[in-house]
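The values are calculated or read from the model by the stated rules, or taken from the named source; none is laboratory data. Quick caveat: nothing in here was measured; it's all calculated off a predicted structure. A quick note on method: Cβ atoms are made from the backbone with ideal geometry, for glycine too, and the neighbour counts reach across all protein chains shown. To get the accessible areas, we keep the full protein, side chains included, count just its heavy atoms, and leave off ligands, DNA and RNA. Shrake-Rupley method; radii C 1.70, N 1.55, O 1.52, S 1.80 Å.
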Amino acid sequence: MYYYNKSRQNRSFVRILKNKELAMVAFSFSSLAGRLRRSEIRELLKLTRLPETISFGGGLPDPAIFPYDAVREASIHAIEERGNLALQYCPTEGEPFLKEELKAFMARQGEAVSTENMLVVSSSQQGLDLLSKVFIDPGDPVIVERPTYIGTIQAFRAFDADFQGVDMDNDGIMLERLEKLVIGLVDAGRKPKFIYLIPDFQNPSGITLSRERRKRLLEIAREYDLFVVEDSPYSELRFRGEKIPSLYSLDTDGRVLLMKTFSKIFCPGFRIGWVVGPSAVIEKMTVAKQMTDLCTSAYVSILAAYLLSDGHIDRQIEISKMLYMRKCEVMLKALERFMPRVDGVSWSRPDGGMFLWLRLPDYMDTAEMIHDAVELNVAFVVGCGFFHDGSGKNTMRLNYSYPTEERIIEGVGRIARLVKKRLRLAIV
Ligand SMILES: Cc1ncc(COP(=O)(O)O)c(C=O)c1O
């Protein structure tokens with residue numbers, strides 16, 4: 001608050017700060033707010049913005065390849081050609097120009113979708129929130145891969161979901177375990193609300209669900225009439241091996257919701273994503289979005305549409321794939337060079353995406369290593385944050401898309417030093 005101080009000769013304004021501590025307001029938060037916790041991991045990730053830190057922490061694209069000029073040009077087009085739409089509200093369902101371009105983009109990726117069954121969202125994290133809002137009542141069982149994406153755990157937990165985790169092997173979620181779990185839940189009268197999966201280059205494990213398992217998973221879903229949510233931010237970033245069709249495209253029943261985003265294939269700063277799926281689900285999510293933010297930014301939607309229509313996003317995907325393949329190789333080589341060769345130390349070899357998953361011997365706890373890591377100016381994500389039940393203490397996620405090749409080599413060397421130190425402590 002500002003008060004005018006007449007007593008002073010030079011007529012200055014004096015800021016009177018109210019003593020906020022004295023006002024002991026007893027806020028009565030909702031039970032949902034009571035469940036909201038800051039993620040320790042996200043807090044640690046803030047450190048990764050320090051220039052001296054080598055960060056394997058976030059799931060960030062390499063800013064060196066952001067198409068700055070193309071975005072500048074698209075901004076000029078957006079204002080000069082469609083300024084009246086770009087600076088206005090747009091329909092909650094999404095800006096029609098963008099939806100048409102998304103449909104064409106998906107067709108180029110081999111996915112047939114209709115604009116009627118599509119909702120543009122303010123990136124996938126909003127999709128997860130809307131999904132939770134329209135499906136999860138407190139205590140409802142939802143099936144997830146173990147591990148799964150931290151932001152999903154946060155979103156579902158806010159609505160008090162009962163997480164039912166299923167382990168994965170190199171081919172993805174283990175289907176015998178999944179089926180057994182489903183039978184148990186159905187027999188107990190607790191049919192799961194949905195199965196949530198990240199089938200391509202999963203965050204955090206980098207694992208891809210095999211084609212055979214995708215088909216079998218859909219058979220199981222049909223047998224028990226289950227709804228399937230396919231979160232797919234990384235599928236276009238395949239740099240090795242053959243593309244595997246999405247669950248959405250393999251599904252013939254209309255039981256799959258597909259969630260897509262520009263965050264990994266283009267720029268996360270755009271905050272543009274889209275979901276396609278059963279019209280009843282899209283309809284409910286649209287209403288939920290209306291009360292959340294009315295609509296996704298029309299301006300950014302129109303920029304995205306221009307960038308899709310002139311082929312920039314497709315080109316960006318090709319550039320990203322080549323770059324991430326090289327960076328992934330650099331990280332794999334650095335791991336081979338620096339990591340101790342002892343039982344229990346292993347890592348994944350992804351065919352795409354942004355992450356590599358490191359396992360250490362069972363007795364190690366990567367959360368205990370993170371503070372030493374910060375002192376060495378290197379950051380990773382402790383694995384247990386990706387497990388809804390807090391397990392996976394001996395794991396960590398390493399991102400290779402963001403750091404430069406030199407920093408990947410240096411950073412892996414530092415992490416290997418930390419691992420060796422823990423091995424020595426364990427031997428002593
Ligand atoms: C599997 C998965 N889903 C959703 C998101 C959220 O992405 P955004 O909200 O930026 O689209 C991420 C981000 O890392 C992710 O890995």
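Suppose the filter is of a type outside the set (Phe, Trp, Tyr) and modelled with pLDDT of 95 or more; does Glu81 pass it?
Here the answer is yes, as Glu81 does meet what is asked.
Taking region 161-193 on its own, how many of its residues are within 21 Å of Leu130 (Cα to Cα) and free of Cβ contacts under 8 Å to residues at least 60 places away in the same chain?
6
Give the residue, chosen from Phe97, Phe105, that is away from the ligand (no atom under 16 Å from the Cβ), at pLDDT 95 or above and buried (at least 16 other Cβ atoms within 10 Å of the Cβ).
Among Phe97, Phe105, only Phe97 is away from the ligand (no atom under 16 Å from the Cβ), at pLDDT 95 or above and buried (at least 16 other Cβ atoms within 10 Å of the Cβ).
Counting only residues that are within 26 Å of Val300 (Cα to Cα), give me the helices (runs of 4 or more DSSP H) lying completely in region 113-202 with at least 1 of them.
Ranges flagged: 124-135, 150-158.
Pick from Asp362, Asp389: which is touching a Gly at 6+ places or on another chain (Cβ under 7 Å) and within 20 Å of Leu197 (Cα to Cα)?
That would be Asp389, the only listed residue that is touching a Gly at 6+ places or on another chain (Cβ under 7 Å) and within 20 Å of Leu197 (Cα to Cα).
Look at region 228-241 and say how many of its residues are more than 16 Å from the ligand (Cβ to nearest atom), open to solvent by less than 50 Å² (accessible area, probe 1.4 Å) and within 19 Å of Glu111 (Cβ to Cβ).
0
Every residue in region 131-160 that is within 19 Å of the chain's Cα centre (by Cα) and away from the ligand (no atom under 16 Å from the Cβ), please.
Once the filter is applied, which keeps residues that are within 19 Å of the chain's Cα centre (by Cα) and away from the ligand (no atom under 16 Å from the Cβ), region 131-160 yields only Phe159.
Quickly run through region 115-155 and pick out the residues that are free of Cβ contacts under 8 Å to residues at least 24 places away in the same chain and open to solvent by less than 50 Å² (accessible area, probe 1.4 Å).
Thr115, Gly139, listed by residue number.
Just the residues that are open to solvent by less than 20 Å² (accessible area, probe 1.4 Å) and either touching a helix residue (DSSP H, G or I) at 6+ places or on another chain (Cβ under 7 Å) or in a loop (DSSP other than H, G, I, E, B) (or both), please, taken from region 324-339.
Tyr324, Lys327, Met331, Ala334, Leu335, Met339
For region 374-419, how many residues are on the phi > 0 side of the Ramachandran plot and part of a strand (DSSP E or B)? Steps first, answer last, please.
Quick first cut of region 374-419, residues on the phi > 0 side of the Ramachandran plot only: 377, 390, 392.
Now narrow it down to the ones that are part of a strand (DSSP E or B): none.
Final tally of qualifying residues: 0.
Yes or no: region 263-277 includes at least one residue that is touching a residue at least 60 places away in the same chain (Cβ under 8 Å), buried (at least 17 other Cβ atoms within 10 Å of the Cβ) and more than 16 Å from the ligand (Cβ to nearest atom).
No, that holds for no residue.
Does region 210-217 include one or more residues that are open to solvent by less than 10 Å² (accessible area, probe 1.4 Å), outside any helix (DSSP H, G or I) and either away from the ligand (no atom under 16 Å from the Cβ) or at pLDDT 95 or above (or both)? Spell out how you get there, then give the answer.
Quick first cut of region 210-217, residues open to solvent by less than 10 Å² (accessible area, probe 1.4 Å) only: 214, 217.
Narrowing the set further to residues that are outside any helix (DSSP H, G or I) leaves none.
No, region 210-217 contains no residue that is open to solvent by less than 10 Å² (accessible area, probe 1.4 Å), outside any helix (DSSP H, G or I) and either away from the ligand (no atom under 16 Å from the Cβ) or at pLDDT 95 or above (or both).
What's the total number of residues in region 108-128 that are within 14 Å of the ligand (Cβ to nearest atom) and not aliphatic (A, V, I, L, M)?
Selection size over region 108-128: 6.
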